[in-house]
Amino acid sequence: MAGPCLPYIKGMTLQIPFDNSYAALPDGFFARVKPEPVRAPSLIAFNEALARDLGIDGLDDPDLAALFAGNALPDGAAPLAQLYAGHQFGQYNPQLGDGRAILLGETIGTDGIRRDIQLKGSGRTPFSRMGDGRAWLGPVLREYVVSEAMHALGVPTTRALAAVRTGETVVRERPLPGAVLTRVAQSHLRVGTFQIFAARGDIPALQTLFDYAVARHYPDATEPAAFLDAVMRRQAALVAQWMSLGFIHGVMNTDNCSISGETIDYGPCAFMDSYHPETVYSSIDRFGRYSYAAQADIIVWNMAQLATALLSLMPDPEAAIEPFTAQVHAMPNLIRAEWLRRFGAKIGLSDPTPDDATLIAELLTLMQTDEADFTNTFRGLVDGTARDQFTETAGFDDWHARWQSRISGEEDPKGLMSAANPVLIPRNHRIEEMIAAAVAGDDAPFHRLMAAYATPFADDPAYADLRRPPAPEEVVQATFCGT
Ligand code: AMP
Ligand code: MG
């Protein structure tokens, strides 16, 4: 699909040092397609610090809005929509692909890492199916705020480079303001990218993809088994880290599961307020497949799908089933180890033992029974306010005494806990409030949240209100994919 001819904007100063590798892969990997220009772009946010890290120059460009709306193409861009498939809620969908996203190209940042720059909400592509290729303001700002907060929390994640209003209306349940997000990722390779070629039996393409992914992400893992292991390790660490922050991705379909091990696709994601392992926010997750606690299981299921796709690369796939299965079956132990490390740090332990897992689980059970706030309880262990989160104080006091004796030999439990237990997380009700304001034309709450979540471990009295869990009438019952 050839888009309309895009103007070169006079005086455009922004320079992105593109170095495109995906566009050099064979034709079957993508469709070349340009963004569809929008009526009246206006800039909501531009992440200058990230732009600098990406090696982008000419940041005082007066036409950033046009550029990040897709109304003008920066020099060196090779726009395309990527092809992929994926299991959605356990059902294999043989063809998905970028239906509302366009990869502009890649840059190599000041850290030497190659990253994709992608517009999301930039119009239809050959993979749009019934969709309009657009995004509305809500999910764009949600992804902007939450992905940048995740980064500040130290979680591997895609980043947000810019957000632009399109000046156009998109129709969802009702007419809503349109927007485009510019997303940055170490790559957009997904488990589903491997699945599509494996399912089609296109082994040469699968091999090409494998070689590409190895070179880009895991140069030491030149064999499928080593590659699987490397991806599993990053995903195990990622999911354990999510859980240590009360984060629920919400739609861990294999097409939303990144090969690089970054958090990707902030749709119905949410941070939990009061602790319950079965917490689900996503309106489409009716059976809790992607609930808070299920994430540790579902990531293993997703890695089993990657393993299945990789089997086709083996000289004797039949014979490889057993060792690959054993590898996948070892993943829960990886996750448990990462979980223990993360939650150990949350209670001030530098070298937690399996016995400590029991101590942590006991606290979580008390929290669950009392519906204690996840973030404030753990941060309260640093501040001395954890007890305030409980009505059933006897149980907490008993736990606290045993915990105190356990950490008595620790060198710097407070330091560990302060770095593992954030003061601020992007709470759902704040995100919803920010989106409602932006829809009404007020971006101040967006900018305030961005400022606050840039230092989530700092205890800044100016943001004391953002620590507060939702009042009963503020509780967000469900989140939406926002497509
Ligand atoms: P997601 O829910 O973001 O993981 O998207 C799942 C699939 O639906 C992907 O192939 C998307 O490209 C596609 N999709 C989501 N929203 C739209 C839209 N508004 N227009 C076209 N395709 C879409
Ligand atoms: Mg997706």
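Each value in this text was obtained by applying a stated rule to the coordinates, not by laboratory testing. Given the structure is predicted, the values throughout are model-derived calculations rather than measurements. Backbone-built Cβ (ideal geometry, glycine too); neighbour counts: all protein chains shown.
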* Structure fact -> From the option list Ala326, Ala296, single residue qualifying as touching a residue at least 40 places away in the same chain (Cβ under 8 Å) and closer than 16 Å to Val231 by Cα is Ala296
* For the range 35-57, state whether one or more residues are touching a strand residue (DSSP E or B) at 6+ places or on another chain (Cβ under 6 Å) and within 16 Å of ligand 1 (Cβ to nearest atom). => yes
* Asked: Which condition breaks for Gln207 when tested against (1) surrounded by fewer than 18 Cβ atoms within 10 Å (Cβ to Cβ); (2) farther than 24 Å from Glu106 by Cα?
  -> (2)
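Within the range 365-382, how many residues are in a helix (DSSP H, G or I), surrounded by fewer than 18 Cβ atoms within 10 Å (Cβ to Cβ) and in contact (Cβ under 8 Å) with a residue 12 or more places away in the chain? Let's see the steps before the verdict.
Here is the first cut: in the range 365-382, the residues in a helix (DSSP H, G or I) are 365-370, 374-382.
Applying the additional criterion that residues be surrounded by fewer than 18 Cβ atoms within 10 Å (Cβ to Cβ) yields 365, 368-369.
Now drop any that are not in contact (Cβ under 8 Å) with a residue 12 or more places away in the chain, which leaves 368-369.
So the count comes out to 2.
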* Using the structure shown, decide if Thr308 is away from ligand 1 (no atom under 16 Å from the Cβ), among the hydroxyl-bearing types (Ser, Thr, Tyr), part of a helix (DSSP H, G or I) and in contact (Cβ under 8 Å) with a residue 12 or more places away in the chain. => yes
* Look at Ala357 and say whether it is surrounded by 15 or more Cβ atoms within 10 Å (Cβ to Cβ), assigned to a helix (DSSP H, G or I) and touching a residue at least 60 places away in the same chain (Cβ under 8 Å). => no
* **Residue list for the range 226-266, restricted to those being more than 18 Å from Met150 (Cα to Cα), assigned to a helix (DSSP H, G or I) and not β-branched (Val, Ile, Thr)** => Ala226, Phe227, Leu228, Asp229, Ala230, Met232, Arg233, Asp255
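Of all residues in the range 228-255, which are over 15 Å from Phe480 (Cβ atoms), within 16 Å of ligand 1 (Cβ to nearest atom) and under 11 Å from the mean Cα position of the chain (by Cα)?
Start the filter on the range 228-255 by keeping residues that are over 15 Å from Phe480 (Cβ atoms), which leaves 228-247, 252-255.
Applying the additional criterion that residues be within 16 Å of ligand 1 (Cβ to nearest atom) yields 252-255.
Once the filter is applied, which keeps residues that are over 15 Å from Phe480 (Cβ atoms), within 16 Å of ligand 1 (Cβ to nearest atom) and under 11 Å from the mean Cα position of the chain (by Cα), the range 228-255 yields only Met252.
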* **Looking only at the range 224-268, and only at residues there that are of a type in the set (D, E, K, R) and within 16 Å of ligand 2 (Cβ to nearest atom), the one that is nearest to Phe89 (Cα to Cα)** => Asp255
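So, of the residues in the range 267-284 that are assigned to a loop (DSSP other than H, G, I, E, B) and within 12 Å of ligand 1 (Cβ to nearest atom), which turns out to be surrounded by the most Cβ atoms within 10 Å (Cβ to Cβ)? Even if it seems obvious, please write down each step before you answer.
Of the range 267-284, the ones assigned to a loop (DSSP other than H, G, I, E, B) are 267-269, 272-273, 275-281, 283-284.
Going one step further and asking which of them are within 12 Å of ligand 1 (Cβ to nearest atom), we end up with 267-269, 284.
Values: Gly267: 19, Pro268: 23, Cys269: 25, Ile284: 17.
Selected residue: Cys269.
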* Structure fact -> Output for Cβ contacts, cut-off 6 Å, separation at least six or different chains, first residue surrounded by 18 or more Cβ atoms within 10 Å (Cβ to Cβ) in the range 436-457, second of a type in the set (D, E, K, R) and not in a helix (DSSP H, G or I), reads none
